[in-house]
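A.B. asks: Handing you a structure now.
The values are calculated or read from the model by the stated rules, or taken from the named source; none is laboratory data. These figures come from a predicted structure and were not determined experimentally. Don't worry about glycine lacking a Cβ; one is built from the backbone with ideal geometry, like all the others, and counts go over all protein chains shown.
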Amino acid sequence: MSTARRLAALLLLAAVLTPAAPLDAASRPPVTGTGGAVASDEKLATDAGLEILRAGGNAADAAVATALALVVVEPEAGNLGGGGLAVVKFGDEVAYLDFRETAPAAARRDTYLDKGGEPVPGASLVGPLAAGVPGSPAGLHALHQRYGKLSWRAVVEPARRLAADGFRVSRRLHAGLEEEIDVLRRFEETAKRWLPGGKPPAPGTLLKIPELAATLEDYARRGPRAITAGKRAKAIEETAKRHGGILTAADLGAYEPVWRTPVRFEAFGWQVASADLPSSGGILVGSAAVQLERLAWRDTPRFGAQRAHLIAEAWRRAFADRYLLGDPTTSAAGARELLAASWLEKRAASVDPAKASRSNDVEPWQFTPIAAAAGGSGDTTHLSTVDAEGNLVALTTTLNGLFGCALYVPEAGFFLNNEMDDFATAPGRPNLYGLIQGEANEVRAGKRMLSSMSPTVAWRDGEAVALGGRGGSKIPTATLQVLLAFWLDGDGLQAAVDRPRLHHQWLPDKLFAEPDALSPETRAEVEARGHAVEMAASYAQVHAVRWKSSGEAEAAADPRGGGGAAGVVRPLF
Ligand code: DON
């Protein structure tokens with residue numbers, strides 16, 4: 001056979017053997033390796049986690065290293081001045097670490113209200129009055145203390161190095177600084193570091209943050225007290241006070257992370273562990289998943305109107321229940337009540353298969369309709385890790401808004417959060433994410449504000465996934481949709497992450513749809529069932545890892561928002 005003919009025959013064979021790219025092909029090919037995997041918002045942070053896995057660290061070591069690298073390279077969300085939640089699965093043990101911020105000792109029910117009882121515009125969003133007591137310094141350390149294998153110094157080192165030697169400013173960081181420029185320039189401390197010459201450093205600029213490198217050096221040596229006591233705690237108190245804040249060094253010193261039992265449920269044959277109070281996340285994911293199983297959701301045609309209708313109805317009910325939630329000490333209900341089989345049976349049975357309910361009719365809580373808007377941009381960042389033994393960590397950490405309250409503390413090298421807005425600062429009024437919340441989530445000194453973060457681990461027959469996301473109220477709905485696509489529709493992990501999503505949060509009574517989530521015909525059918533559909537582009541970003549029964553790890557990062565970095569460790573030989 002001539003060479004040309006042989007080539008033609010080979011090409012023909014290749015064409016026959018290569019299946020046509022499926023319509024729903026993933027945005028990037030799956031990344032798999034046997035030495036563990038990391039998925040996060042930023043390549044430099046994912047690389048920090050991978051470096052730790054290569055050095056013999058486990059999933060907890062890698063998670064802490066990744067989270068600390070995000071403090072440096074993604075300061076709009078990665079933090080030591082905020083808080084977060086982690087769900088871990090080590091062998092057969094599942095655990096939930098709550099390092100959510102608390103309300104400062106001086107916070108009161110009416111801290112964000114004027115004399116007439118009206119909300120003071122911006123008070124819970126901009127400036128240090130909006131800041132809760134940071135939980136990350138003690139939280140990340142607690143995660144390492146319980147599950148880490150390498151030394152504390154070793155896991156802090158990649159972040160310290162990034163801060164000391166510098167990193168290239170990402171497009172996303174630059175865009176975030178541009179977006180928030182007017183708020184950031186209100187604080188001289190912030191402007192000096194982040195707006196040199198009055199504008200954000202251009203993408204690609206090498207940025208060193210020596211003050212953060214010094215904090216991390218001290219943190220590596222002394223643990224949380226490098227931040228929560230002594231000169232840095234004092235500087236945080238003084239900087240906050242200068243701008244009308246109430247956060248004190250005593251608040252920082254008194255903060256304690258809490259190990260709790262995660263929310264547990266079973267759906268579609270998978271075991272799931274997710275975040276319990278003070279997050280609503282695990283309850284929302286569990287409530288909707290179990291309702292959908294009862295509503296035989298898996299039997300409805302994929303991409304069809306019935307699927308969209310049923311998932312909107314399940315979320316409508318789950319988010320109505322959210323109204324009862326708050327800090328574990330004041331919550332009017334919890335997973336025990338809201339994930340009880342009898343309650344979810346009742347919730348699912350109240351869904352009309354042909355017609356949308358009205359949110360204000362969803363029993364048992366009646367409301368005067370309020371002009372709530374689901375929206376708001378904020379900043380949170382999720383990372384997932386898995387090690388060569390199949391241990392998994394799902395960790396979400398947040399400053400709430402982009403750059404938190406916008407106040408940078410130069411002596412510490414990080415921003416303070418604006419998590420106080422996650423409280424019902426004025427019950428019945430929507431927060432940054434349009435969420436209407438109840439008295440259970442009122443401001444009270446020492447309380448943790450209700451969250452929607454949903455770090456989650458699911459497993460079945462030797463397979464497991466860890467995932468979660470950013471996106472405020474859209475975190476639980478995004479997390480669930482990735483799980484459903486992966487569990488039920490045969491999507492690979494990356495395709496499941498990529499899939500266009502829907503969102504409903506009870507109030508406002510709207511079904512939000514990402515472009516391409518509904519075809520024009522399906523949208524018309526969904527509207528005919530009585531849903532008000534609104535197309536919106538801003539959606540949650542989910543980063544996930546997977547452990548396969550073959551002993552391989554896989555990572556998938558969300559391409560939305562111009563980012564996401566998935567990496568794996570492969571053996572050298
Ligand atoms: O804890 C919460 O629910 C919010 N602070 C999360 C905010 C968020 O995800 C913003 N990210 N884009």
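A.B. asks: Does the stretch 300-313 contain any residue that is within 16 Å of the ligand (Cβ to nearest atom) and either among the acidic types (Asp, Glu) or more than 19 Å from Leu483 (Cα to Cα) (or both)?
C.D. replies: No, that holds for no residue.
A.B. asks: Further question: Go through the stretch 400-442 residue by residue and tally those that are within 19 Å of Arg186 (Cα to Cα), hydrophobic (A, V, I, L, M, F, W, C) and within 13 Å of the ligand (Cβ to nearest atom).
C.D. replies: Final tally of qualifying residues: 3.
A.B. asks: Let me ask you something else. At pLDDT 95 or above, in the same structural domain as Arg153 (by TED's automatic domain parsing) and acidic (Asp, Glu) - does that describe any residue in the stretch 244-252?
C.D. replies: Yes; the residues of the stretch 244-252 include at least one that is at pLDDT 95 or above, in the same structural domain as Arg153 (by TED's automatic domain parsing) and acidic (Asp, Glu).
A.B. asks: Additional query: Confirm whether Phe90 is in contact (Cβ under 8 Å) with a residue 24 or more places away in the chain, away from the ligand (no atom under 16 Å from the Cβ) and aromatic (Phe, Trp, Tyr).
C.D. replies: Against the criterion (in contact (Cβ under 8 Å) with a residue 24 or more places away in the chain, away from the ligand (no atom under 16 Å from the Cβ) and aromatic (Phe, Trp, Tyr)), Phe90 qualifies.
A.B. asks: I'd like the full set of residues that are small (Gly, Ala, Ser) and under 27 Å from Asp276 (Cβ atoms), limited to the stretch 394-415.
C.D. replies: Residues satisfying the conditions are Ala394, Gly401, Gly404.
A.B. asks: Would you point out which residue out of Val94, Val64 is crowded, with 24+ Cβ neighbours inside 10 Å and modelled with pLDDT of 95 or more?
C.D. replies: Val64
A.B. asks: If only one of Thr385, Thr397 is outside the structural domain of Asp327 (by TED's automatic domain parsing), crowded, with 21+ Cβ neighbours inside 10 Å, more than 16 Å from the ligand (Cβ to nearest atom) and assigned to a strand (DSSP E or B), which one is it?
C.D. replies: Answer to the check: Thr385.
A.B. asks: Next question. Residue by residue through the stretch 93-121, note down the ones that are more than 15 Å from the ligand (Cβ to nearest atom) and small (Gly, Ala, Ser).
C.D. replies: Selection gives Ala95, Ala105, Ala106, Ala107, Gly116, Gly117.
A.B. asks: Within the stretch 457-573, considering only helices (runs of 4 or more DSSP H) that don't extend past its boundaries, which have at least 1 residues that are within 24 Å of Ala60 (Cβ to Cβ)?
C.D. replies: Filter on the stretch 457-573 gives 474-488, 493-498.
A.B. asks: Then there is this: Take the stretch 11-38 and flag every residue that is in a strand (DSSP E or B) and either modelled with pLDDT under 95 or surrounded by fewer than 20 Cβ atoms within 10 Å (Cβ to Cβ) (or both).
C.D. replies: Within the stretch 11-38, Val31, Thr32, Gly33 meet the criteria.
A.B. asks: Kindly list, by first and then second residue, each pair from a residue in the stretch 39-53 that is in the same structural domain as Val64 (by TED's automatic domain parsing) and assigned to a helix (DSSP H, G or I) to a residue that is of a type in the set (S, T, N, Q) and surrounded by fewer than 24 Cβ atoms within 10 Å (Cβ to Cβ), limited to pairs with Cβ atoms under 9 Å and residues at least 6 apart or on different chains.
C.D. replies: That search, which allows pairs on different chains as well, returns Lys43/Ser170; Leu44/Ser170; Ile52/Asn58.
A.B. asks: Based on what the data block shows, is Ala496 at pLDDT 95 or above and either buried (at least 24 other Cβ atoms within 10 Å of the Cβ) or among the basic types (Lys, Arg) (or both)?
C.D. replies: Yes; evaluated as a whole, the condition is true for this residue.
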